[in-house]
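Engineer: What follows is a structure written as structure tokens; I'll ask about it next.
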Amino acid sequence: MTHNHLNFKKISFALIFLTLFYSCSNTDNMGFFKNLFGKDEKPSTPISKPLNLEKTAEMLDEDLYWKIIDASLKNSTNQNEQEQFLISEISKLAPKQMVGFRLRTDKLLYDTYTSEMWCASYLMNGGSSDDGFEYFRNWVISRGKEVFYNAKRNPDTLISQKDFAEEDIYEFELFWYVALEAFEKNTGKELYDYIDEDNFKTKEGNYPQFEFNWQ
């Protein structure tokens with residue numbers, strides 16, 4: 001092999017090395033490696049599927065509703081813990097079911113909008129405004145299925161829950177909003193926008209009229 005031929009090979013290797021070095025140091029030239037090795041070093045980004053959100057007037061299955069609330073009672077020692085547990089569990093539901101959770105709550109509130117229940121709220125809290133009565137009934141629901149249905153039949157049974165006040169008040173305003181929090185967390189949308197108001201009737205604004213039968 002001649003001396004000139006050896007020099008030519010050395011020059012060729014040097015040019016190849018410089019080409020590789022330049023390609024590695026310049027991101028615009030990374031295509032060189034893609035073509036050479038047949039793959040891209042960067043992982044592909046998964047394409048998220050768009051959420052199929054539609055208005056609904058369908059309430060969540062009642063058994064599932066009470067199962068979630070009963071679990072929240074077993075896994076909490078105060079309202080703040082219960083609220084966070086509920087948001088976490090509701091977040092596992094499909095968006096339509098999250099709306100359904102809120103609708104089921106509204107239906108139970110509707111069913112306990114009575115003079116007798118308002119009397120219980122007044123006596124237990126030392127007074128009861130319109131909003132206070134809403135928050136009182138949310139508290140009753142949050143205590144579970146058995147407590148709720150016993151109180152619906154006879155509000156006097158709520159004496160069994162006298163040890164479960166928060167700061168001596170029997171209210172749970174934030175219970176009303178747990179589904180809204182979960183829905184926004186999962187979808188970035190407002191739950192109210194997906195309630196079929198035309199077909200859901202048992203809600204605030206449609207409460208029955210009654211006269212107080214107590215003083």
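The values are calculated or read from the model by the stated rules, or taken from the named source; none is laboratory data. No experiment lies behind these values; they were computed from the predicted model shown. Every residue, glycine among them, receives a Cβ derived from its backbone with ideal geometry; neighbour counts consider all protein chains shown.
Engineer: Within the group 170, 177, which residue is hydroxyl-bearing (Ser, Thr, Tyr), on the phi < 0 side of the Ramachandran plot and touching a Ser or Thr at 6+ places or on another chain (Cβ under 8 Å)?
Structural biologist: Just a single option satisfies the conditions, and that option is 170.
Engineer: Can you find even one residue in the range 140-157 that is assigned by TED's automatic domain parsing to the domain that holds residue 173 and either under 24 Å from residue 190 (Cα atoms) or within 19 Å of the chain's Cα centre (by Cα) (or both)?
Structural biologist: yes
Engineer: Given the criteria closer than 30 Å to residue 92 by Cα, of a type outside the set (Phe, Trp, Tyr) and either over 23 Å from the mean Cα position of the chain (by Cα) or in the same structural domain as residue 73 (by TED's automatic domain parsing) (or both), does residue 188 qualify?
Structural biologist: yes
Engineer: Which of the residues belonging to the range 58-86 are part of a loop (DSSP other than H, G, I, E, B) and either among the hydrophobic types (A, V, I, L, M, F, W, C) or touching a Pro at 6+ places or on another chain (Cβ under 9 Å) (or both)?
Structural biologist: The answer is 59, 60.
Engineer: Then there is this: Any residue in the range 105-129 that's on the phi > 0 side of the Ramachandran plot: show its pairings with residues that are of a type in the set (Gly, Ala, Ser) at Cβ separation under 9 Å, as long as the two are six or more apart or on different chains.
Structural biologist: Listed pairs, sorted by first residue: 127/121.
Engineer: Let me ask you something else. As an exercise: evaluate residue 193 against (1) exposed (fewer than 15 other Cβ atoms within 10 Å of the Cβ); (2) in contact with an Asp or Glu (Cβ under 8 Å, 6 or more places away or on another chain) and give the number of the one condition it does not meet.
Structural biologist: So residue 193 meets the others, but not (2).
Every residue, every condition in (1) in a loop (DSSP other than H, G, I, E, B); (2) modelled with pLDDT under 95; (3) surrounded by fewer than 16 Cβ atoms within 10 Å (Cβ to Cβ), yes or no:
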position: 107; (1), (2), (3): no, no, no
position: 116; (1), (2), (3): no, no, no
position: 131; (1), (2), (3): no, no, yes
position: 135; (1), (2), (3): no, no, no
position: 140; (1), (2), (3): no, no, no
position: 179; (1), (2), (3): no, no, no
position: 185; (1), (2), (3): no, no, yes
position: 197; (1), (2), (3): yes, no, yes
